[in-house]
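S.K.: Here you go, one structure.
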Amino acid sequence: MSDCLFCNIIAGNIPADILYEDDKIMVFKDIYPKADVHLLMIPKVHIETLAHLEQSHHDLIAYMMLKLPQLALEQGLDNGFRTIINTGKGGGQEVFHLHIHLLGGKNLPGF
Ligand code: AMP
Ligand code: ZN
């Protein structure tokens, strides 16, 4: 997936402000933050959208969900946070590698 922006970040070809990484996922700062805290969590395997998840991704997506609250706390978001997954063009998705937005802190826009 050499033309995928997020695969290129995972490969180290494009720089990012990486906050967490393990064998399954990577978390980095959104380049155009919409709130004081705006992170993106991505799987290391290329999955286009939420709609492309398969049964074989069951453990991976559960792993990501369970990591989010932990990550939010580490960012000081002890009062709550917002998660967003834009899916497909109709859902406002711009980068077609599944990612979960984690937003919080001051300047959180209205929904
Ligand atoms: P979405 O509309 O859900 O596909 O969101 C894509 C997000 O990726 C947007 O919030 C962008 O600001 C963010 N983004 C685009 N390019 C980069 C990059 N090089 N590094 C970090 N975040 C990026
Ligand atoms: Zn990708």
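Bear in mind these aren't lab numbers, they're just calculated from the coordinates by the rules spelled out. Since we're looking at a predicted model, the values are computed, not measured. Please note: Cβ atoms are built from the backbone with ideal geometry, for glycine as well, and neighbour counts cover all protein chains shown.
S.K.: Under the classification rounded if a/c is under 1.5, otherwise prolate if a/b is larger than b/c and oblate if not, where does the range 49-100 fall, given a ≥ b ≥ c as square roots of the Cα gyration tensor eigenvalues?
M.R.: Judged from the Cα gyration tensor, the range 49-100 comes out oblate (a/c at least 1.5, b/c at or above a/b).
S.K.: So what's the net charge close to K67: Lys and Arg +1, Asp and Glu -1, counting the other residues with Cβ under 14 Å from its Cβ?
M.R.: With Lys, Arg at +1 and Asp, Glu at -1, the neighbours total -3.
S.K.: Would you compute the Debye intensity of the range 5-104 from its alpha-carbon atoms alone, equal scatterers and no solvent, and pass along log10 I(q)/I(0) at q = 0.12, 0.15, 0.16 Å⁻¹ to two decimals?
M.R.: One equal scatterer on each Cα of the range 5-104 leads to -0.36, -0.58, -0.66.
S.K.: Below 12 angstrom from the Cβ of L108, what's the summed charge of the other residues (Lys, Arg +1; Asp, Glu -1)?
M.R.: Values: positive: K34, R82, K106; negative: D36.
So the environment of L108 carries a net charge of +2.
S.K.: Something else: Lys and Arg at +1, Asp and Glu at -1: add these up for the other residues within a Cβ distance under 13 Å of L77 and post the number. Intermediate values should be presented prior to the final figure.
M.R.: Details: positive: R82, K106; negative: D36, E74, D78.
Local net charge: -1.
S.K.: How high is the relative contact order of the chain? Use alpha-carbon pairs under 8 Å, at least six apart in sequence, and give a whole percent. Mind dumping the intermediate values first?
M.R.: Working: 160 pairs, mean separation 35.6, N = 111.
This gives 32 percent for the chain.
S.K.: Turning to a different aspect of this structure: Once the Cα atoms of helix 58-74 and of the chain are each reduced to a long axis, what angle between those two axes, in degrees from 0 to 90 to the nearest 10, is obtained?
M.R.: Helix 58-74 and the main axis of the chain meet at about 30 degrees.
S.K.: Per-residue ellipticity at 222 nm for the chain, helices alone: DSSP H runs ≥ 4 residues times -39500 (n - 2.57), over residue total, nearest 500 deg cm²/dmol? Please report the intermediate quantities before stating the final value.
M.R.: Details: 2 runs with 24 residues, N = 111.
Calculated at 222 nm, the ellipticity per residue is -6500 deg cm²/dmol.
S.K.: Which whole-Hz couplings ³J(HN,Hα) result when phi for each residue of the range 82-99 is put into the Karplus expression 6.51 cos²θ - 1.76 cosθ + 1.60, θ = phi - 60°, listed in order with x for Gly and Pro?
M.R.: 3J(HN,Hα) across the range 82-99, in whole Hz: 10, 10, 9, 10, 7, 10, x, 4, x, x, x, 6, 10, 10, 8, 9, 2, 8.
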